[in-house]
């Protein structure tokens, strides 16, 4: 299970800092773990995979939490903070297919492809309107087995999760970042603590990776400025070259027919302004209409 593997990895890194530290894993089942009935984007819940974990922190049932940062709402919960963002793993999405392929274009006509991410669905349809996107939930092993058992022709899933579970050999092809834009903060972990726990914060901060924090926080700022939540068809990837920050972002409609895509480069010190400006560009040039239509369709269900 990915959440458990990620927690064990953080535990091991903390023990490497303080070998006499006592660490136990507290497992929390979230709404996202329990409700696997449909596409994720149809849910109106915020913090689908994080709210109950945060509640465990606030109720002192746990002292720190390990999240996939892309699942954590951009609004930080009162009383909590992100104490560390370790160095990011691979950012790209991966295609796992039951046949030998080099790209999505190589899948057979009408192939079934599993994903519950609206961003992935829209980008798949942008490339292939004939592919049948079907809901895909459950742990990573369950998703991969859908392909291995022949129940699905392919799935799209984050490369980082496969890496953390030692399942990278299942990847048929890693989707190019220039063609298939990842979710904001994809591939990064967030270590969350209570704001007032200064002793633990001082320990955890040693796992922070400043370059990763800058790039993923920039991506999350783009998301925050769209005010769309983490289930919208938004892809953002920020990279740092010296003191120069580049943001590549897109907003795409669910059918993959309308895509607003922008790239912006500027001083890293101006990251908040760059993030706000590129989000405004996306919204003003058709992105707001896409988000409004998604909300209308969601409210009608």
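Remarks
- Looking only at residues of region 121-162 that are in contact with a strand residue (DSSP E or B) (Cβ under 9 Å, 6 or more places away or on another chain), closer than 15 Å to residue 255 by Cα and free of Cβ contacts under 8 Å to residues at least 60 places away in the same chain, we find that the one that is surrounded by the fewest Cβ atoms within 10 Å (Cβ to Cβ) is 132.
- Among the criteria (1) at pLDDT below 90; (2) in a loop (DSSP other than H, G, I, E, B); (3) surrounded by 14 or more Cβ atoms within 10 Å (Cβ to Cβ), the one residue 46 does not fulfil is (3).
- The sole residue among 151, 108, 146 that is outside any strand (DSSP E or B) and closer than 18 Å to residue 2 by Cα is 146.
- Per this entry, residue 284 is counted among residues that are out of contact with any helix residue (DSSP H, G or I) (no Cβ under 9 Å at 6 or more places or on another chain), free of Cβ contacts under 8 Å to residues at least 60 places away in the same chain, outside the structural domain of residue 120 (by TED's automatic domain parsing) and farther than 23 Å from residue 71 by Cα.
- All strands (runs of 3 or more DSSP E) inside region 209-276 with 3 or more residues being assigned by TED's automatic domain parsing to the domain that holds residue 291 and exposed (fewer than 15 other Cβ atoms within 10 Å of the Cβ): 259-267
- Single unsatisfied condition, residue 204 versus (1) assigned to a helix (DSSP H, G or I); (2) surrounded by fewer than 22 Cβ atoms within 10 Å (Cβ to Cβ); (3) touching a residue at least 24 places away in the same chain (Cβ under 8 Å); (4) not assigned by TED's automatic domain parsing to the domain that holds residue 289: (2)
The values are calculated or read from the model by the stated rules, or taken from the named source; none is laboratory data. Keep in mind that what you see is a predicted model, and the values were worked out from it rather than measured. When we count neighbours, we look across all protein chains shown, and the Cβ atoms used for this are built from the backbone with ideal geometry, even at glycine.
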